Each structure stands twice: as C-alpha cells, then as structure tokens.
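*Asks:* What follows is a single structure, and I will ask about it in a moment.
The values are calculated or read from the model by the stated rules, or taken from the named source; none is laboratory data. Because the structure is predicted, anything quoted here is derived from the model rather than measured. All Cβ positions, even for glycine, are placed from backbone atoms using ideal geometry, and neighbour counts span all protein chains on display. Accessible surface is based on the protein model in full, side chains and every heavy atom, while ligands, DNA and RNA are left aside. Shrake-Rupley method; radii C 1.70, N 1.55, O 1.52, S 1.80 Å.
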Amino acid sequence: MSSSSVLEEIRRAEEFLVVGKGVWRIDALDKVTGRARFTSDFVLKDALHVRLVKSPIPHGRIIEIDAERALGLGPVRVFTAADIPGENQVGYALPDQPLLPADKVRYVGEPVALVAAPDEDLAEKAAELVEVRYEELPAVFDPLEAMERSDVLVHEDRGTNIAEMTRVRKGNVERGFEESDVVVENTYRTGHQEHAPLETEGAVAIPDTQGGVTVIASIQYPHLCQRITARVLGLPHSMVRVIQPYVGGGFGGKDDMGPVVSAMAALVAFKTGKPAVLVYSRRDSFTSTCKRDPSVVRYKTGATRDGRLKAIEVQIILDSGAYANRGPYVLWRATMHAGGPYEVPNAKVDGFLVYTNKVFEGSFRGFGNPQVQFAAESQLDELAERLGMDPLEIRLKNLLRPGSRTITDQLLESSVGIYEAVKLLGEKTGFRAKWREYRRERAGRVRRGIGIACGYHGISTSRGVPDWSNATVILGRDGSVTVETGICEIGQGSWTAHAQIAAEVLGVPVERVKVVGGTSDAPDTGATHASRGSSIGGIGVYVAAKRLRERLAEAAARLLECDPSDVEIREGRAFRRDSPDDYVEWEELVQAAYSMGYEMSATGYFFLPKGKFDMERGLGYAYPAFSYIANVAEVEVDLETGKVRVVRVWPALAAGRILNPVLVEGQIEGAIAQGMGYALTEELKFEDGRMLNPNFTDYLIPTSLDVPEVEAPIYVEDLYEYGPFGAKGVGEMALIPTPAAIMNAVKNATGVRITEIPATPEKVYFHLKEAGVVAGE
Amino acid sequence: MNRFNTHIIPVEFEYHEPRTIREALELLARWGEDAKILAGGTDLLVQMKMRRVEPKCVINIKRIPELDYIREGPAGVRIGAATRLRRLERSGAIKRLFPALHRAIGWMASVQVRNMATIGGNLCNASPAADTAPPLMVYGARVKLASVSGERTLPLEDFFTGPGQTAMRPGEMLTEIWIPRQPEGTGSAFIKVARTAMDLAKVNVAVALTLKGWSAFNVRIALGSVAPTPMRAREAEAALEGRPPTEGLLRRVGDIASEEIRPITDVRSTAEYRREVTKVIVADALRKALGMVRVGGGVG
C-alpha cells in the first residue's frame, strides 16, 4: 500500500456510507439484553476454584510455606513458585516480577500461593489455612526516600531502588531561562488511581486434548497472555490458546493483569488436568493489581514578556511500587510528553522510576501523561498570570502547528489540529469573558470558575519500538463478512469501528460484518492500548478489505462486462458507474468470485514506518502521530466545605477522522468522568504499605449523579495519513487534561493554586484557609 | 446462570422467612444471639460476605406484612420497621410532615439500594453515620421493641449505645418507629457532607425548631458520624433556645456544636475537617429550617 495514494483517496472521498456515522454498537443488543457472556459465565461444572494466598507484610523473606492444614480440609491443592514448570517470570519491561515469589514478598497483597478446590467455600477456607512464615525486612514506601536509600532495597540484585531513568535534552535550557522574562517553578503531586472496572480480573483455563490449555480471560492482548502463559508453563506458544469473552472494562489494567491471571489459572489447569477458574474478588482487585503510578513532578517554565515559551526543566518521579511492570514505558511517555502540546525550544527532562514496597503500578488510560500534563498545564496558567495574560491567549501563542517540533525535536509535518480546536473551543465557551468575570467577582461563599487545559498523546508505541497492524477478512459463500483481529473489545467499541471500516471499503451494509476479535487464533494485532485499537488496529482491516474489494471489482467487471475501474460497489450491490440499474447483488458477486477462482480471504498486515530515536539525548522520532485534546471545565467551589463541583465540561478533540461520533462521545464522556474522579475523589490510603480502603465504600469513583454536563465535542478532523480513513486514537484523550482543567478553574474561582490531586474537600478547605480565602470577602 | 460463578456468603446458616411478628419473635427467642435479622440485607449481607458477622441463623422479616406500613394518625406517624426506604421516600405524609427525614432518605445510597433497605435496618445497624437517625432524633421519634415476653418503647436517642450497639436485648426486635407530629411553625432540615453523590456521610446533621414571633423554640440539633453514636448537640440547642435566630447567633451555634462533637480521624475524613465542616452545616441547616417556616412549609 502506498501511503500517499491512500491519503489521496481519503481526501477525495466526499461522503461515506458507514464511516463517520453513529452506527449502532455491534454488541449493544447482547449487552442490554444480558445475553453477553463474561469470563465468570464460562465456569464449567467440574472446575476447580482458585484463591490467592496473599502476603500480609510489605517486605520479607519467605521462610516456609506450610500447606498441611489446608490440604487436610479435603480435595485441596496448593501451588507455589516451586510448582511452576516453566519460567517464573511475568515482568513486562524488566525481568523482575515472579508469578509467585520464591524468595521474598515485596508488597502487602502479593500472591504467594494459589489454592484450588472443587468449590469456592473450600478454596476460601483452605487459603486461610495456608501458613506462610516470613522474616520481615525493613520496608520503604515513599519514592523520594526510596531513591536515596541503598540499605533498604526492594530488589537487591539491582543495587538501587531506581528502576529506570529517562531524559530529554533539547537546545540549551540555561540559555532559555536567561532569555526568559518570567520563570515559574512548582512541585506537583498526583496520587494512585484504581481502574475500578465493573468486572474484576479473571481467567478460566481448560486443559485441551493435546497437552495444551485454552484460556478464557478478561484481557486486553490475547497474544501477550499466550506468550506469558506459555513461558510460565514451559510450552510452545502454539499450545496456549487465549480467548476474550466480553470484558467489563479494562482501562489499561487488564493489559497488565490479563497475562498474570491467565498464567495463574493455566498453571492450576495444567498441573491438575482440570478446568480452573480464578476470579479476583473486588478486594483482590484493589490490593493485588496494578494502579496508576503516583508522581512527584518538579516543573520550571520560562517565557518571554510576550508569552513565548523559552525553556522547561522538569523532573518526574514515578512511584512504581514493588515491580517495574510497564513503568519504564510509562516513564518514557511521561518524559516525552512533558512539554505539553506546545513549541518549547529548550527542554531538559529527567525521569525516575522508583521501587517502593507498595502494590505495583502499571498501564492506565493516559499512561504517565495525565501526571505530567497536570503539571504542565497548571504551569501555563501560572505563567499567564505573571504575564498578565489570559489562559487562552498564552496557549494560542505556543500551541503546536503543522511544521512545529516537539520537545524530542520530532518534526510534525501534518495532522496537528490542536490550534484550531482550541480556537474553536475558546469561541464556543466564551472563555475569555467568563474567565475575566469570575476572576473579578470572587465574592460570596460559592464561587464559580472556568479553566482550560490541553493535552496531546502519541498514538502507537513509544520511540522506535516496532508497531504494526494486522487483520484477516474472510468472505463467506453467502456473502457474510468475518473480520478476525487480535484487538479486544473492552467496552470502547473498537469492533464496531472495525465493522464500519470493513463495510465501507467492501461496500456492504455494516450488519453483514461479524468481528471475531481478542483471540490468539486471530493474527497478532498488538495490544488494545495506547489508543490504538480502532486507529492502528483498523489499518489491517482497511488493507485486507481493500485487497478483497479489488478482487471483487475484477469479478464484477467480468459480470458487468466493463473495466474494473468502472465498477462501483455500495450498499451490497455492484454496478457500472455509468449505469447503476445494471447491477449484481452482493451474494451473487461473492459466489461468482469464488467460482472464478478468486481467493475470498485476505490478510492486511501493515508495518508502521517509524524514524530513529536517540535514547541518550531523548531526541528523535517519538510517535507516528499525536491526537490532541482540549477541555474547558466550569466549577463551583464551596469555600466553607472545600467541595469542588464540576458543573460543565466542553471538550475539543483533534483525532483525525471520527469513525463513529456516538462511540467517540462515549469515550470522551467516560474519560472526563474518570479524570474527574482522579482529580477530586479517588484516593488510595496506605498505612505501612497496607491499603486502608480496598473497597468502593471508601474509594470513591464518581457516580452518574456526580458527572457534569459534557457538551457536544468539537471535532477537528486533522487526518492522519496511515490511519484508517485518517483516524487517530481517542480512548485516552479526554482524561489527560481533565485534572488541570478543573484545578485551573478552581484557581480562577478562588485565586488559589492547588498542586496536589486528588483535591478532596479537606485538602481544598485547608488550602483555602491557609491562603486566607474566606466567604464574603 | 450457574451458581458457582459468584462467591456469595462463605458461612453456613439456617434461613427462616416468618410471616408474622409472633413467628419471628419465637425464632429469635430460640436462637438468641446466634440469630441475625435480615431487614434489607444491604448492610448485613455485606458484613456476612466479609465475615464480620457469622450468624448461625438468618431471619428474614421482609415477608411479614404487619411490619411494612406508614400510618398517619392524629398524634403522629407510625412506621413498620421493615418498611423500605423507597416507600418512605415516595410517601406524601413523610414529605409533608417530616421533610428532614424525607431529605435524608432521598440522599441515601441509590434507588436500587433504597428499594431493598428498610428504616428498621438502618437504625438497628447502628452505624454512627446512619442517615435516618439524626432526623428521627430531632423529631423526637420513639422505637418499639418486641420480644416473646412483651413490648416496650423508648426514645430513639436512648436506642444507640455505641458503634453497631443498641439497647436491644437478646430476643428483642425493633417493630415500629413512631414520630410525633411537630407543632405549628416548625421547620426542619437535613444536610450531609459526603465525597460523592452516593457516599456515606463524613458528617450529617438534622435540625428542627419552632418559630414563635421572632424567637426559636424547641430547638433540636442532631449529628451523625461525629461520635460513637448519632448525638444531640444540647449545648448548641440551648444557645439558640428562646432567642431570635440572628445570623451571628446561628454561626455561634455552629461553633458550639463543633465543640460538642467527638469526631475521630478515619479513612473517610480527618477529625479536624469534621469539626470545621460541622460549624458550617449546622448553621446551614438552621438557616434552611428557618427558611421553611418563614415561607410556610416546603421541602427540607
């Protein structure tokens, strides 16, 4: 496929029949009628139920695991590290994480053994009776402290608690600050965030007749689950099949946890020859799965009098918890996005990923980016204040445009729609007038404020890491269409988008397309993460469907006695462009093509072209494309209780072609709700590494009654040359600037800058009090 | 659905569904402290799942018709202990006569939960944060306790003895809540400070007062989540009693209430914040109650 010809074609197309329309989700009826089946609906009658035995201490050596009392209860089996036939390693970025630890535990809640029994009650009781003797070790919980210490090491063999360091060195920051008229410096802190999917993590493993195992699990990347499970069991990859049923929400967490629960259930099935089911309780889901990395970000920004950014100097410290997991990649993403979607000529960024004795961190919608954008976007408002500018003005002065370079010095030739998006957003919201009015008023007990924040997010994997798309499209003899992909449906609607792409390219109604996804039986399409499911994942569908379309056009040309280039296929009919009444029905055409000897299945592999990245200086090609977002939030702050109520949010998105506006709106609204929870209420509390609120009673996600009015999004369709129909990623976008937009609005309302989230009422109350802001002033 | 796929309750117990109060009391007499009454299940079942309680016998009283009623009489309203919160929320009498209670119930959990949970269950669970307790206390509600050997009533204030602890004796069951009609010119209000729309209270407060001329009488202020049990703020009440409720005085009353409470720091809130916010919401609730009397009724 030549890229320029594809883009050409997309640009030429004036209208689409399926793409860009609010097509019904293909899973809608299953889900609203309750027919949809999730992992725990696949429990076989003779299945063994698996429970975790978890560490009660944050750090300690395992002296002995005594299962005698547990085994005495009846038909109980207990599995520890010693039972693992293959490699006891599930680390993602670094080989530091055992499936079950053999020597020591590193956080409270770490699974040390698996207990299996024919019924849940017995498994539960037996798990309580497994006695593990530990030699407790001193533990470290604060990342800033952990960085400095070498006497307490979470991983002794590494010699330090710093798991990874990253850097960007662009231009000359010393000179940049010298040339600046104003310099603003602050430290920002963000907390943990739990994914809180409706369905907890889980896997059902069934031994097959050939010595392998089939895993049905709640996951985001079947082929990764396959690889890790095969590694743990010591099997070739081909002996492990992984299938995703419907998944009740992922948000990144199941990308990391899918392989772990798959391997655990598979271990039990493999060792016992019986089906095994492991479904995490809500408590397990809190205590023993990855979270969003807490961060400390020290941020210094310099600008000239006219508001041009000159330099940034940023230090990012991410608390990785007990294992690195995705942390190095999260940190790289945070590092490369540290400047925000702005032109910054001089940048110095240093990132540190630090081990502590708390639950490990990992993938979560935004992947390191919300932490740094919170800092970057708060900084920009502070800078504007010092310069006597308004927040909109300073952004419009510095936003990236086609031809700009990012802080990694990557040239953005095209598909950069953020400037236009922010301009439109400013007009639609009447931002300037409101911002000035609220700032002037600042009277009474309940104060209103408005804030804006932007974000950008690289689509696909970071730096030069290879990325590709792949899918198979198969036409049945009856004309039905099957799309096979490794992309998972986790509620975001990617399969519907895939069906739309196939239907549009082939010229059939979308109802004819079935998507078989999320299985290791399909081609490896990479993970459903990094906002790549519909965008990168969809390329393979586009390419494969295109191939079939060409073959069908040839077959149709023979039936219609014309040149293939004169054939039009749309809405299930093929006809000559100059005489639409002379047509062939779709079924007829497919059957004829079969008879004529055309292959009616095609794969669509596409390897994304990427440039070079210099890891030493952190410069070069970071991502094939960026999606852009801006949110305006309006809030009310009750000075006497510290409660922040988000009244309304206006989003603007530049993510290329909007394949399905209804799905995109769903993603935006969900991301804003999740971002609001992150900013205001969601807080994990720990005492000596023990989580104090592993439940929804005291870990508060916003309810439908808390979510603000989200206005219809502004879309700037800044087409991306390799995306299907020019689409870029959407899923993560609207979360990224939400915390900063809210805190900038709080500043507008009260004059007080909050640099730490979640900004719970208590925190806001005492901050306001400290700043002397009281009602009636 | 197969029954193996969810882990419900990890304890074995005997289960009974009596149809009359008599039957229920006999079961209670037989099982004593080994029995737990299921009046809604929204607290009990969660506690059983988490093994905080492991009763040998569960007595479901939701199938007893004589425990499910709202009866308006000349002196007040009688409510059966197993009356669901949702029913109370939709009752015209509750809304009209006891707006603070109505407001508190409408603010609890979600519609789904209110369709299961009962008023008796909320009281007997005896959480310091129970949202129905402060309004019932300011209205001077009494509770009826029954056992095989007879009945007794006591003021709701004397019912709570500690977190999860009540004055009920083994074999006793709460059967009825009685709320007296409030005098003409009474205003009442309920306010809760919570983290999200569906959260337990960090602090909740109910107030009631009767306005005669320019002065407030019969002032009652009750707070939840600020002491081991829901409590009356008597010094704060006394400060306002018989005096004109000026803005300055209302703020002082809030300050006094804040001194009276005995909050703790827990995962939900710090003691310090509870004290600060108590000042604010006590004054807020009093203003709201006064506003109601002044416009002659309305919703609290």
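*Asks:* How much accessible area per residue does chain A have, in Å², with a 1.4 Å probe?
*Replies:* Accessible surface, normalised per residue, equals 35 Å².
*Asks:* A further question on this structure: Considering the dipole of chain A built from charges on the beta carbon (Lys and Arg +1, Asp and Glu -1) around the Cα centre, which of A:TYR720, A:ALA545, A:LEU589 is farthest to its positive end?
*Replies:* Positive-end residue among those listed: A:TYR720.
*Asks:* What order do B:ARG78, B:ARG90 take when sorted by accessible area (1.4 Å probe), most exposed first? Mind showing how you got there, number by number?
*Replies:* Details: B:ARG78 100, B:ARG90 170 Å².
Most to least solvent-accessible, the answer reads B:ARG90, B:ARG78.
*Asks:* Taking θ as phi - 60°, what are the ³J(HN,Hα) couplings along segment B:14-20 by the Karplus curve (6.51, -1.76, 1.60), each to the nearest whole Hz, with x for Gly and Pro?
*Replies:* 3J(HN,Hα) across segment B:14-20, in whole Hz: 8, 10, 10, 10, x, 9, 10.
*Asks:* Please list B:ASP68, A:ASP478 from largest to smallest accessible area, probe radius 1.4 Å, with all protein chains kept in place.
*Replies:* A:ASP478, B:ASP68
*Asks:* Let me ask something else. Could you pull the Rg and Dmax for segment B:14-60, using just the Cα atoms, both in Å?
*Replies:* Answer for segment B:14-60, Rg first and Dmax second: 10.5, 31 Å.
*Asks:* Additional query: Taking 35 Å as R0, compute the FRET efficiency from the Cβ-Cβ separation of A:LEU144 and A:ASP66 and round it to 0.05.
*Replies:* The formula returns an efficiency of 0.35 here.
*Asks:* Please report, in debye to the nearest 20, how large the charge dipole of chain B is about its Cα centre when each Lys and Arg carries +1 at its beta carbon and each Asp and Glu carries -1 there.
*Replies:* The calculated dipole for chain B is roughly 740 debye.
*Asks:* As a test question: what accessible area, to the nearest 10 Å², does A:PHE606 have when a 1.4 Å probe is rolled over all protein chains in place?
*Replies:* That residue has around 20 Å² of solvent-accessible surface.
*Asks:* Let me ask something else. When the Cα centres of segment A:84-107 and segment A:121-178 are compared, how far apart do they sit, in Å?
*Replies:* Spelled out, the Cα-based centre of one part sits 15 Å from the other.
*Asks:* Another question, then. What does the extension gain come out to for B:SER149 and B:ARG169, with contour length at 0.36 nm per residue minus their alpha carbon separation?
*Replies:* Stretched out fully, the B:SER149 to B:ARG169 stretch lengthens by 6.0 nm.
*Asks:* Ok, one more. To the nearest 10 degrees, how steep is helix B:247-260 against the longest Cα principal axis of chain B, on a 0 to 90 scale?
*Replies:* Once rounded, one gets 40 degrees.
*Asks:* What pairs in A:LYS125/A:LYS291; A:LYS514/A:LYS728; A:LYS643/B:LYS36 have C-alpha atoms more than 31 Å from each other?
*Replies:* Beyond 31 Å between Cα atoms: A:LYS643/B:LYS36.
*Asks:* Hey, with R₀ at 51 Å, roughly what FRET efficiency would B:ARG71 and A:ASN695 work out to, going by the Cβ-Cβ distance, to 0.05?
*Replies:* Values: r = 38 Å, r/R0 = 0.75.
The calculated FRET efficiency here is 0.85.
*Asks:* Which residues in segment B:189-216 place their backbone N less than 12 Å from a point set 7 Å from the Cα of A:LYS685 along the Cα-to-Cβ direction?
*Replies:* Once the point is set 7 Å along Cα→Cβ of A:LYS685, B:202 turn out to lie under 12 Å by backbone N, inside segment B:189-216.
*Asks:* So what's the net charge close to A:LYS274: Lys and Arg +1, Asp and Glu -1, counting the other residues with Cβ under 10 Å from its Cβ?
*Replies:* With Lys, Arg at +1 and Asp, Glu at -1, the net is +1.
*Asks:* Among B:PHE160, B:ASN125, B:PRO135, which residue has its Cα furthest toward the positive end of the charge dipole of segment B:65-180, with +1 on Lys/Arg Cβ and -1 on Asp/Glu Cβ?
*Replies:* B:PRO135
*Asks:* In a solvent-free Debye calculation with one equal scatterer on each Cα, what is log10 I(q)/I(0) for chain A at q = 0.09 Å⁻¹, listed in the order of the q values?
*Replies:* So the normalised log intensities are -0.85.
*Asks:* Karplus couplings for segment A:233-240 from phi (6.51 cos²θ - 1.76 cosθ + 1.60, θ = phi - 60°), rounded to Hz, Gly and Pro as x?
*Replies:* Couplings: 8, x, 10, x, 3, 5, 7, 10 Hz.
*Asks:* Follow-up. I'd like the accessible area for B:TYR15, computed on protein heavy atoms only with a 1.4 Å probe and all protein chains in place. Round to 10 Å², please.
*Replies:* Its heavy atoms expose roughly 110 Å² to the probe.
*Asks:* Can you tell me the length gained on complete extension of the stretch A:GLU588 to A:GLU427, counting 0.36 nm per residue apart and subtracting the Cα distance?
*Replies:* 52.7 nm
*Asks:* May I ask you to compute the full-extension gain from B:GLU54 to B:GLU235, defined as 0.36 nm times their residue separation minus their alpha-carbon distance, rounded to one decimal in nm? Provide the component values of the computation, followed by the final result.
*Replies:* Numbers: separation 181, 0.36 × 181 = 65.16 nm, distance 4.06 nm.
Between B:GLU54 and B:GLU235, full extension yields 61.1 nm more.
*Asks:* Sticking with this one: Aspartates and glutamates near A:LYS310 by alpha-carbon distance under 12 Å, same-chain residues fewer than 8 away left out - which ones?
*Replies:* A:GLU174, A:GLU178, A:GLU179, A:ASP181, A:GLU343
*Asks:* Still on this structure: Using Cα springs under 10 Å in a Gaussian network model of chain B, which residue among B:LEU286, B:LEU249, B:LEU209 shows the largest mean-square fluctuation?
*Replies:* B:LEU249
*Asks:* Here's something else I'd like to know. Cα centroids of segment B:25-53 and segment A:261-333: how far apart, whole angstrom?
*Replies:* Centre-to-centre (Cα) distance: 41 Å.
*Asks:* In Å, what Rg and Dmax follow from the Cα atoms of segment A:134-196?
*Replies:* Expressed in Å, the Cα Rg and Dmax of segment A:134-196 come to 18.3, 58.
*Asks:* Over segment B:175-300, how many pairs of lysines fall under 19 Å by alpha carbon, counting only those 8 or more apart in sequence or from different chains?
*Replies:* Here the count comes out as 6.
*Asks:* Report, in debye and to the nearest 20, how large the dipole of the protein assembly as shown comes out about its Cα centre when Lys and Arg carry +1 and Asp and Glu carry -1 on their Cβ. Show your work: numbers first, answer last.
*Replies:* Values: 132 positive and 140 negative charges, 617 e Å.
Computed about the Cα centre, the dipole is about 2960 debye.
*Asks:* Using +1 at the Cβ of each Lys and Arg and -1 at the Cβ of each Asp and Glu in the protein assembly as shown, identify which of A:ILE206, A:THR39, A:ALA734 lies farthest towards the dipole's positive end.
*Replies:* Result: A:ALA734, furthest along the dipole toward the positive end.
*Asks:* Moving to a separate point now. Suppose every Lys and Arg Cβ carries +1 and every Asp and Glu Cβ carries -1, with no other charges. What dipole size does segment A:19-108 come out with about its Cα centre, to the nearest 20 debye?
*Replies:* Taking the Cα centre of segment A:19-108 as origin, the dipole is about 520 debye.
*Asks:* If you don't mind, another one. At 222 nm, what helix-only mean residue ellipticity would chain A give, in deg cm²/dmol to the nearest 500, using -39500 (n - 2.57) for each DSSP H run of four or more?
*Replies:* So the helix-based figure for chain A works out to -9000 deg cm²/dmol.
*Asks:* Another question about this same structure. Total accessible area buried between chains B and A, 1.4 Å probe, in Å² to the nearest 100?
*Replies:* Numbers: alone 14040 and 28270 Å², together 39650 Å².
Protein heavy atoms only, the B-A interface buries about 2700 Å².
*Asks:* Given the convex hull of the Cα atoms of segment B:186-291, what is a quarter of its surface area in nm²? Mind dumping the intermediate values first?
*Replies:* On the way: hull surface 24.5 nm².
For the Cα atoms of segment B:186-291, the hull's average projected area reads 6.1 nm².
*Asks:* Mind checking the angle between helix B:271-295 and chain B's longest principal axis? C-alpha axes, 0 to 90 degrees, to the nearest 10.
*Replies:* The two axes meet at around 70 degrees.
*Asks:* For B:225-231, what's the mean count of beta carbons from other chains sitting within 10 Å of each residue's beta carbon?
*Replies:* Per residue, the number of nearby Cβ atoms from other chains is 0 on average.
*Asks:* With chain B treated as a Gaussian network of Cα nodes joined by springs under 10 Å, which of B:TRP178, B:TRP31, B:TRP214 yields the largest mean-square fluctuation?
*Replies:* B:TRP214
*Asks:* For every helix of n ≥ 4 consecutive DSSP H residues, a contribution of -39,500 (n - 2.57) applies; sum these over chain B, divide by its total residues, and give [θ] at 222 nm rounded to the nearest 500 deg cm²/dmol.
*Replies:* Calculated at 222 nm, the ellipticity per residue is -9000 deg cm²/dmol.
*Asks:* Take A:PHE766 and A:ASP41, extend 7 Å from each Cα along the Cα→Cβ direction, and tell me the distance between the two endpoints in nm.
*Replies:* 4.7 nm
*Asks:* Could you state how much accessible area A:SER565 has, in square angstrom rounded to the nearest 10, with a 1.4 Å probe and all protein chains kept in place?
*Replies:* That residue has around 80 Å² of solvent-accessible surface.
*Asks:* Now for a separate question. Which distance in Å, rounded to a whole number, links the C-alpha centroids of segment A:601-664 and segment A:372-425?
*Replies:* 14 Å
*Asks:* Taking R0 as 41 Å, what's the FRET efficiency between A:GLU561 and A:PHE607 from their Cβ-Cβ distance, rounded to 0.05?
*Replies:* 0.60
*Asks:* Let me see the pair-distance distribution of segment B:173-214: every alpha carbon pair, 5 Å bin width, integer percents in order.
*Replies:* 5, 16, 15, 15, 15, 19, 10, 4, 0
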